[in-house]
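The values are calculated or read from the model by the stated rules, or taken from the named source; none is laboratory data. Just so we're clear, the structure is a prediction, and the values are computed from it rather than from any experiment. Because the Cβ atoms are built from the backbone with ideal geometry, glycine has one as well, and the counts that use them run over all protein chains shown.
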Amino acid sequence: MKWGEKTVDRLYFVGIGGIGMSGLARYARQLGLEVAGYDKTQTALTRALEREGISIGFEENLDHFNHWFDPIESERTGIVRTPAVPRNHPLFDRIAELALPVIKRSKMLGAVAQNFETFAVAGTHGKTTTTAMLTHLLADTPGGCNAFLGGILASTGSNVLLNPESKRLVVEADEFDRSFLQLNPTHAVITSMDPDHLDIYGDADGFRAGFAAFGEQVTGHVVRESALTSAEADLTYGCATNRQTANHLDYAASNPRIESGWMVADIKMRDEWFESVKFPMPGMHNLSNALAALSLADLAGANRGACMKSMGMFGGIHRRFAYHIRESHGTYIDDYAHHPKEISAVLEAVRLHHPEKSITAIFQPHLYSRTRDHMMEFAEILSEFDRILLLPIYPAREEPINGIDSQSLFENILNPSKHLTSIERIFDNLKEHPPEVLLTIGAGDIDRLVQPLSDWLREDSQRFKPFE
């Protein structure tokens, strides 16, 4: 693999357990490179990488790296890093001492993407679901695709799709750390532009400027959600209540409805309509994500009729409106939502598919900076649940911010049925107030609750509140 002026065949990933890093590690290994890495915590994803033959160290000491590093091969060794691992980590001192070349994950992805016809999905919300849907649509078409996903596809159990015969690549264009500016996509879609990562962009204007810069780097078409009037694009998509409104859009869903538990809509693809197309993922936000995926599949030249049929067979993605229990006596859904707009979309979808049911949400805020920047928006949407169980903030890469914690968020939530709790106390909370519909929401380590909660709820149907 070319690494600037060098060619490397040994890569060490610092933060290999991240969803983006692990995908690139898998790609490098398929190319025949020797791959290893470090991560702070062992997870299901790191265990999967180890089963695939990738050696991973989990201790902060340098033993694993020093054992892997071969001085004879230093000229052919490179380091890939993620901003999630701070630069004061001891590994970076050792790497600097050895004068090994280091690049960010985003730069490596950009270098890989240069070899393909690249279809990029950008936006504050919906990137992972849209990317997964697009991958599903293109995988079985002539020409296939490769893909780097920000989540785990339910159908494959992986966050990558590697097809050596394909010249197409599907990627998430992540706005964090301005990573998407390393890409020069052939075509792109922008799903949303709600300000986020203001620790990086400064303010909403800076955030929008970042997306404008991304759009300028797209060599072909840019498709935008119709409400994003500030986004530079030559094509639009969106949901419409009737065909008259839909005819003003290039890609549209008209007459959305629920039939036998399915989202169903009539779909416009430029100059052609398709009647009563079925979509397996609940919610208007996921119908919008599906339209975004269909628009890029269309630009890739995929057969439109085949795409309509294929969309109905999409198996979903890990932690995106994932049903873990869907029984007559109770429902449990897990979702990655970590921004107020995402939580609002999830709540809307739950109420649409489970009307008149009481909804209990367990929410783990993600990042001190995001909690600070959207404090009142979080409080407003969390107040709309029937019961809210609030966990401590998951800091990820951040240091604490004075005055910003779950207690301050809790005090702003107007819902009288609110509880400030901990992961260890959750089961006691649910015993005291059994749920009808239960949600776990957040982008931190709340996912470690999912399997224990599912098992516990299945042990006894009385752990759900009987539907009235």
Item to check | Output for segment 46-68, where each listed residue is out of contact with any strand residue (DSSP E or B) (no Cβ under 9 Å at 6 or more places or on another chain), over 13 Å from Ile16 (Cα atoms) and of a type in the set (A, V, I, L, M, F, W, C) | outcome: Leu62
Checklist entry - Say we look at segment 56-69 and pick out the residues that are outside any helix (DSSP H, G or I) and either in contact with an Asp or Glu (Cβ under 9 Å, 6 or more places away or on another chain) or among the aliphatic types (A, V, I, L, M) (or both); which of these is nearest to Leu11 (Cα to Cα)? => result Ile56
Checklist outcome for this item: Given (1) modelled with pLDDT of 95 or more; (2) assigned to a strand (DSSP E or B), Ala292 misses just (2)
Item to check | Unique match (being in the same structural domain as Glu342 (by TED's automatic domain parsing) and crowded, with 17+ Cβ neighbours inside 10 Å) among Leu438, Leu414 | outcome: Leu438
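Residues are listed down the side, and each one gets a yes or a no for (1) farther than 23 Å from Tyr323 by Cα; (2) within 27 Å of the chain's Cα centre (by Cα); (3) at pLDDT 95 or above:
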position: Glu398; (1), (2), (3): yes, yes, no
position: Gly403; (1), (2), (3): yes, no, no
position: Leu409; (1), (2), (3): yes, yes, yes
position: Ile413; (1), (2), (3): yes, yes, yes
position: Leu420; (1), (2), (3): yes, yes, yes
position: His433; (1), (2), (3): no, no, no
position: Leu439; (1), (2), (3): no, yes, yes
position: Asp447; (1), (2), (3): no, yes, no
position: Arg458; (1), (2), (3): no, no, no
Item to check | Residue tally, condition in contact with a Gly (Cβ under 9 Å, 6 or more places away or on another chain), in a strand (DSSP E or B), crowded, with 21+ Cβ neighbours inside 10 Å and not charged (D, E, K, R), over segment 224-276 | outcome: 4
Item to check | Residue in segment 329-339 that is of a type in the set (Val, Ile, Thr) and under 22 Å from Ile190 (Cβ atoms) present | outcome: no
Checklist entry - Among (1) outside the structural domain of Gln182 (by TED's automatic domain parsing); (2) more than 24 Å from Gln182 (Cβ to Cβ); (3) in contact (Cβ under 8 Å) with a residue 24 or more places away in the chain; (4) loosely packed, with under 15 Cβ neighbours inside 10 Å, which single condition is Asp140 missing? => result (1)
Checklist entry - Yes or no: Tyr323 among the aromatic types (Phe, Trp, Tyr), without any contact (Cβ under 8 Å) to a residue 24 or more places away in the chain and under 17 Å from Thr129 (Cα atoms)? => result yes
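Yes or no, residue by residue, for (1) more than 27 Å from Glu172 (Cβ to Cβ); (2) surrounded by fewer than 15 Cβ atoms within 10 Å (Cβ to Cβ):
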{"residue": "Ala44", "(1), (2)": "no, yes"}
{"residue": "Arg47", "(1), (2)": "no, yes"}
{"residue": "Ile56", "(1), (2)": "no, no"}
{"residue": "Glu60", "(1), (2)": "yes, yes"}
{"residue": "Pro71", "(1), (2)": "yes, yes"}
{"residue": "Thr77", "(1), (2)": "yes, no"}
{"residue": "Thr82", "(1), (2)": "no, no"}
{"residue": "Leu98", "(1), (2)": "yes, yes"}
Checklist outcome for this item: In segment 111-135, anything more than 14 Å from the chain's Cα centre (by Cα), modelled with pLDDT under 95 and of a type outside the set (A, V, I, L, M, F, W, C) is listed as Gln114, Asn115
